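> Here it is, the structure, as structure tokens.
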Amino acid sequence: MESAGTSFNDRRWSLKGKTALVTGGTRGIGYAIVAELAGLGASVHTCSRNEKELNERVEEWRGKGFQVRGSVCDLTCNTQKEELIKTVSSVFDGKLNILVNNAATVVLKGVLDHRPEDCSYVLKANLESPYHLCQLAHPLLKASGDGNIVFLSSIAGVVALPALSIYSASKGAINQLTKNLACEWAKDNIRINTVAPGPVKTTITKPVLV
Ligand SMILES: NC(=O)c1ccc[n+]([C@@H]2O[C@H](COP(=O)([O-])OP(=O)(O)OC[C@H]3O[C@@H](n4cnc5c(N)ncnc54)[C@H](OP(=O)(O)O)[C@@H]3O)[C@@H](O)[C@H]2O)c1
């Protein structure tokens, strides 16, 4: 299979000149998304909470000739999200073509074992945070004239899987949010889509594949 960044790069799938923000790009699916977008020529900004890991990944991508930058950001913290968008705006000159809401968390427990704080944290990380990030990024996406948002949902947001009740609910909500944003922001030329993967072996799936 041809890899992005080689033969695709200079042909019809080029993203040269496009800008992207990918949340949670240091590991798993987000890491692959950053590499794919950057390999196709996009200028990518990513974020995570672990500064050491983030710096290592950015150095690795830059070593491959990719245009990637990173910010330490806990997406569950509103002020840190605001700071992230300020940085992205300044780096990309007020315009963002692609926002990938990838970062999320899992709590793996039966319904009766979920504590209130488990529920609040999962809903904050998986629903409120991407929702707020979309709000903050809206002016930049609109200014690009060609904005795109991609959410990472899950098959767990469509079918019932064991021990994933609140995670599944957060992903089901993302599926619905995709439709609302798509209708509200079509007038601003912002396209909204959701990808709902099946199991992928990453750090989020250490306890079980979701
Ligand atoms: N893997 C699967 O089987 C699977 C299946 C369906 C859907 N998905 C979805 O795909 C997406 C990616 O999953 P994954 O398996 O690649 O996850 P992962 O391996 O756990 O990676 C998550 C990434 O997000 C970052 N992150 C997590 N919480 C964050 C926060 N509060 N603020 C900033 N960054 C944060 C992590 O870095 P730090 O921890 O350092 O912050 C890491 O870079 C998620 O939305 C997940 O629900 C995954």
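The values are calculated or read from the model by the stated rules, or taken from the named source; none is laboratory data. This structure is a prediction, so every number in the text was calculated from the model and none was measured. Cβ sites come from the backbone with ideal geometry, for glycine too, and all protein chains shown count toward neighbours. All accessible areas refer to the heavy atoms of the entire protein, side chains included, with ligands and DNA or RNA removed. Shrake-Rupley method; radii C 1.70, N 1.55, O 1.52, S 1.80 Å.
> Among the listed residues V111, V88, identify the single one that is among the hydrophobic types (A, V, I, L, M, F, W, C) and either under 24 Å from G17 (Cα atoms) or within 16 Å of the ligand (Cβ to nearest atom) (or both).
Only one candidate qualifies: V88.
> Ok, one more. Run L161 past the list (1) under 20 Å from V22 (Cβ atoms); (2) within 15 Å of the ligand (Cβ to nearest atom); (3) surrounded by 14 or more Cβ atoms within 10 Å (Cβ to Cβ) and report the number of the one that doesn't hold.
Going through the list (1) under 20 Å from V22 (Cβ atoms); (2) within 15 Å of the ligand (Cβ to nearest atom); (3) surrounded by 14 or more Cβ atoms within 10 Å (Cβ to Cβ), L161 breaks only (1).
> What number goes with the only condition from (1) part of a helix (DSSP H, G or I); (2) open to solvent by 20 Å² or more (accessible area, probe 1.4 Å); (3) of a type in the set (D, E, K, R) that D93 does not pass?
Evaluating D93 over (1) part of a helix (DSSP H, G or I); (2) open to solvent by 20 Å² or more (accessible area, probe 1.4 Å); (3) of a type in the set (D, E, K, R) leaves (1) as the failure.
> In addition: Give region 114-133 a look and list any residue that's outside any helix (DSSP H, G or I) and without any contact (Cβ under 8 Å) to a residue 40 or more places away in the chain, or say none.
Initial filter on region 114-133 (outside any helix (DSSP H, G or I)): 114-115.
Passing the criteria: only R115.
> Looking at V72, V58 in this structure, which one is of a type in the set (A, V, I, L, M), near the ligand (Cβ under 9 Å from one of its atoms) and farther than 18 Å from L96 by Cα?
Values: V58 fails: near the ligand (Cβ under 9 Å from one of its atoms).
Going through V72, V58 in turn, the sole match is V72.
> Okay, moving on. Could you tell me which residue of region 173-210 is nearest to S129 (Cα to Cα), considering only residues that are away from the ligand (no atom under 16 Å from the Cβ), touching a residue at least 40 places away in the same chain (Cβ under 8 Å) and open to solvent by 80 Å² or more (accessible area, probe 1.4 Å)?
R191
> Tell me, yes or no, whether region 64-82 has at least one residue that is closer than 21 Å to Y121 by Cβ, over 15 Å from the mean Cα position of the chain (by Cα), charged (D, E, K, R) and surrounded by fewer than 17 Cβ atoms within 10 Å (Cβ to Cβ). Don't jump to the end; show me each part of the working.
Initial filter on region 64-82 (closer than 21 Å to Y121 by Cβ): 72-82.
Now drop any that are not over 15 Å from the mean Cα position of the chain (by Cα), which leaves 77-80, 82.
After this cut, where a residue has to be charged (D, E, K, R) as well, the list is 82.
Still in the running and surrounded by fewer than 17 Cβ atoms within 10 Å (Cβ to Cβ): 82.
Yes: one or more hits.
> Next up: Please go through region 22-53 and pick out each residue that is farther than 19 Å from T205 by Cβ, near the ligand (Cβ under 7 Å from one of its atoms) and either of a type in the set (S, T, Y) or assigned to a helix (DSSP H, G or I) (or both).
Hits for region 22-53: nothing passes.
> Among K171, K179, which is in contact with a helix residue (DSSP H, G or I) (Cβ under 6 Å, 6 or more places away or on another chain), farther than 28 Å from S90 by Cβ and either modelled with pLDDT of 95 or more or outside any helix (DSSP H, G or I) (or both)? Walk me through how you get there before you give the answer.
Numbers: K179 fails: in contact with a helix residue (DSSP H, G or I) (Cβ under 6 Å, 6 or more places away or on another chain).
When all the criteria are applied, what remains is K171.
> Mind counting the residues in region 141-174 that are within 13 Å of I190 (Cα to Cα) and over 16 Å from the mean Cα position of the chain (by Cα)?
We begin by selecting, within region 141-174, every residue within 13 Å of I190 (Cα to Cα); these are 141-150.
Those still in the list that are over 16 Å from the mean Cα position of the chain (by Cα) too: 142-146.
Number satisfying all stated conditions: 5.
Conditions (1) under 22 Å from T79 (Cα atoms); (2) among the basic types (K, R); (3) surrounded by 17 or more Cβ atoms within 10 Å (Cβ to Cβ), marked per residue:
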position	(1), (2), (3)
L140	yes, no, yes
S144	no, no, yes
I149	yes, no, yes
L152	no, no, yes
K171	no, yes, yes
